[in-house]
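Since the structure comes first, as structure tokens, the remarks are kept for the end.
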Amino acid sequence: MHTLGKIAEEINKYAMNYNVGNLQVLRKENGGLSRLPSRFLFDQRTVFEEWGWHYGGRKELQFNIGIEGNLLRYGVAFSLECSQSLPSIDILIPKIALFNEFLAEYNESFSDLRMWHYEGNRSTNYMPSSIPEELIREGVFIFLGGRQELNKVDYPLVLETLDRLLPLYLFTENTKSEVSVKKIFNGFQFKSGCSIKPSFTSGKLTEQNLNIRLKHNDYQQQLYDELVTTYGKENVGTEISVNGTSIDLVVKQNESFYFYEIKTASSAKSCIRQALGQILEYSYWPDNQKASRLVIVGGALADENEIKYIEYLRNEFNLPIEYRAVDT
């Protein structure tokens, strides 16, 4: 029997090896509290039969777990249901504004997760996005995170996900702790391998966003296979984290790195326009890892003008920029 209380205990055990395991220490530092609010990420005082949140989370963006049928959900949430510990939602409104600000900049970092909300009925899942004004009212519950089957919970994945969401919590709570957003988004770290993602799904996500994401997954898998053949599996990695965002694909060649950014627009021009700012930031933002090749990847072949544009950027500005079409 997978009770939420037992699941919370297991999460707490694994949390000791993750940044999010220090949540209550961070809350004590940020709130100027005289003592530690709790010894655990999920305290049994706020874990119930079907849902639970971190102790103190009613007035915060809360780390939240819950049972949905045969699934475990885990992530962060705003609970706008008033209670004795939350007599008004006013304290949460500026935090929602900060949540929206963070998501506007880093939403691609959470593209494998899903949001949903409850207001009398549960919404369908949708891609991570800013919380619209019409949902900011008493009684609404808004969630961002992942789900797994209850009978085979991957606890390291749960904690990895909560760790990824910790910078969002710190930003939303305006935390001045030494464990800052920048320190948790701790720069470029190459790791070989490919995260396998689906090319189709039965979910009811927003159709346009869903199609774009699944096409992106197909392109990424195809490009990964091609580059592994050329450079070797140990030298190719996907979703390489860099200061709160992730590079679609990276090749390591001795001390040099090649960055690849994938777009799914219908023309090479649109792919270049969408990717250029991102791929330049990956390489040239202060303290980031410099890349010796910056490759924009799309499904469309580049025409004469698009080729000339890339060549102009290379020659006039000395940018190691390239365009590559995947074989579709």
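Read-outs throughout are calculated quantities, based only on the coordinates presented, and are distinct from any laboratory measurement. Note that the structure is a prediction, hence the values are computed from the model and not measured. Every residue, glycine as well, gets a Cβ built from its backbone with ideal geometry; the counts of neighbours run over all protein chains shown.
Can you tell me how the stretch 78-136 classifies by the Cα gyration tensor, rounded, prolate or oblate, using a/c under 1.5 as the rounded cut? Could the numbers behind the result be given before it?
Details: a/c = 2.52, a/b = 1.42, b/c = 1.78.
In terms of gyration-tensor shape, oblate.
Under a 10 Å cutoff between Cα atoms, tell me which one of Gly21, Gly32, Gly146 has the largest fluctuation in the Gaussian network model of the chain.
Comparing Gly21, Gly32, Gly146 in the GNM, the peak value goes to Gly32.
Defining a contact as two alpha carbons under 8 Å apart and six or more residues distant in sequence, what relative contact order in percent does the stretch 4-184 show?
Details: 285 pairs, mean separation 43.6, N = 181.
Value for the stretch 4-184: 24 percent.
Quick one: what does P(r) look like for the stretch 4-184 with 10 Å bins over all Cα pairs, in whole %?
9, 40, 40, 10, 0
For the chain, what relative contact order do you get, as a whole percent, if you take Cα pairs closer than 8 Å and at least 6 residues apart? Kindly include the intermediate steps, with their values, before the conclusion.
Numbers: 553 pairs, mean separation 39.9, N = 328.
That works out to 12 percent.
Against the longest alpha carbon principal axis of the chain, how many degrees, from 0 to 90 and to the nearest 10, is the axis of helix 304-317 turned?
80
Measuring from centroid to centroid over Cα atoms, what is the spacing of the stretch 13-35 and the stretch 44-101 in Å?
For the stretch 13-35 versus the stretch 44-101, the Cα centre distance is 17 Å.
Can you give the Kirkwood hydrodynamic radius of the stretch 207-325 from its Cα pairs, in Å with one decimal?
Values: mean 1/r = 0.0681 Å⁻¹.
In the stretch 207-325 this quantity evaluates to 14.7 Å.
As an exercise, take the mean of 1/r over every pair of distinct alpha carbons in the chain, invert it, and state the Kirkwood radius in angstroms.
Values: mean 1/r = 0.0465 Å⁻¹.
Across the chain, the inverse of the average 1/r is 21.5 Å.
For Ser192, what charge total do you get from the other residues with a beta carbon under 9 Å from its beta carbon, if Lys and Arg give +1 and Asp and Glu give -1? Please report the intermediate quantities before stating the final value.
Numbers: positive: Lys191, Lys233, Lys252; negative: Glu234.
Computed value for this residue: +2.
Separation of the stretch 266-328 and the stretch 120-169 by C-alpha centroid, Å?
Measuring centre to centre over Cα atoms gives 34 Å.
Grab the other residues whose beta carbon is less than 14 angstrom from that of Tyr312, score K and R as +1, D and E as -1, and report the net.
Numbers: positive: Lys269, Lys308, Arg314; negative: Glu304, Glu306, Glu311, Glu316, Glu322.
That works out to -2.
If we count every other residue with Cβ under 13 angstrom of Thr230's Cβ, Lys/Arg +1 and Asp/Glu -1, where does the sum land? Kindly include the intermediate steps, with their values, before the conclusion.
On the way: positive: Lys233, Lys252, Arg293, Arg324; negative: Asp225, Glu226, Glu234.
Result for the local shell: +1.
Set the bar at 21 Å for Cα to Cα. Now go through Lys233/Lys308; Lys28/Lys95; Lys269/Lys290; Lys6/Lys59 and name every pair that lies beyond it. Please report the intermediate quantities before stating the final value.
Values: Lys233/Lys308 33 Å; Lys28/Lys95 18 Å; Lys269/Lys290 24 Å; Lys6/Lys59 25 Å.
Listed pairs above 21 Å: Lys233/Lys308; Lys269/Lys290; Lys6/Lys59.
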